[in-house]
Amino acid sequence: MIHPPMNAPTIPTTTSTMIPNPRPLTTRPASAPAMPPMMIHQIQLTPSMAPIIWKFSDFANRQRRKHPLGIEDTAGTFSDARRLNRVRRLIVALLLLCLTACGSVKYGGVSQQLTTPELKYRLIDTIGAPLFCGPPVVRMPSDGEAAQEVAALRSQDPDTFDAIVRHEKLDAAHLTANDERRILEQADVLQALRLTPQGQRFRFDYIAGRPSPEHVAGTIDGHGAITLESHDPTRFPGPGGCPICLAATARIATPNGEIPVAELRPGMLVWTIDAGRRVAAPISVVGHTRAPLGHRVMRVVLADGRAVVASPGHPTADGRRIGDLNPGDLFDGSRVLTTESLPYVGDTWDLLPRSSTGSYWADGVLLGSTMADRLPRLSADRDQRNL
């Protein structure tokens, strides 16, 4: 026989437990009604929990007998109704604890099969929109640019176009310039949410604003049924903010040939621009920072065949940002052929040559340094040593 604790603490009677309500999509009006809260019966029971539930049920059944006060208690271990009620409350509390600790939260799907963009919107509306690092300045395309880009999206990725139009309740036959800009913004949001095939389901793992940032992970099937395995509070972006540096694959031009940026150390020589001339100068600083979940980088391909991958906020040698470049723009003696946003995992890197510009060549393309603000201080230190 399983004996209950004789001095069990009093625990308030609980019939259900609440799970935090998912944040509505940010594009909804603030006055929109929140989704109904989930109840404990929506938490999945696992086979490993069956023995625990059986033991508690068996214990409760064994304790029933007719008590002088009208309470059933067959084992004769309770002296009054108060002690029996305490134990029953303890059983309920322990059962709820087991359910919430061992189960995963489930959200039902729909009858029809959904496209990948529709699955992403299902996650956004239920779990929360993804947080991701984009360009430091949001580009506002002109009316003509927006129309051209939306036309390309419509022809090349009709599933995404159709999902956005339905979700945002737009009239595809009569799109205004603002509608087209809205479509482009939503395309960026959908692109930031990655789904990885896993058997008959898709795995998601991203940082969601709900409204405070949470690292969410789980799976979703083709009908939109979601299993939320974890949702942990996190910080976004990290302590260093959104990275604006090079991808770890970048190779830096040096007098000894191109060297991966991750292998450079202070004091090593690299090619830079100083007083208008290409010279070899020692590296003053090499830095790197971990990219947050959901970070994306830009791959810029030039008409002469050169290509470089860097964060959208990385500076060019002429003071622009990588994320500001568009096809056809002049850049480092050539024209931009294509730009592409890519997901990135790992550290981003940068360096600062000891020169008047702090510029360097990465994969054959002349770039500025994110640490160029240190140049006046480095110059002052050098002048002080020469006194």
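The values are calculated or read from the model by the stated rules, or taken from the named source; none is laboratory data. Every value quoted in this text rests on a predicted model; they were computed, and no experiment measured them. Cβ placement follows ideal geometry from the backbone for every residue including glycine, while neighbour counts extend to all protein chains displayed. Areas reflect the complete protein model, heavy atoms only, side chains present, ligands, DNA and RNA absent. Shrake-Rupley method; radii C 1.70, N 1.55, O 1.52, S 1.80 Å.
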Notebook entry, point to check: Ranked highest first by average number of other Cβ atoms within 10 Å, how do 274-282, 159-167 line up?
Noted result: 159-167, 274-282
Next item on the list: Hey, can you find the accessible area per residue of the stretch 215-315 for me, probe 1.4 Å, expressed in square angstrom?
Entry: 43
Note to self: Quick check: net charge around ALA225, other residues with Cβ under 10 Å of its Cβ, Lys/Arg +1 and Asp/Glu -1?
What the structure shows: +2
Item checked: Sparse-neighbour loop sites [trypsin sites (Lys or Arg not before Pro); the stretch 311-367; at most 14 other C-beta within 10 Å; DSSP] -> ARG320
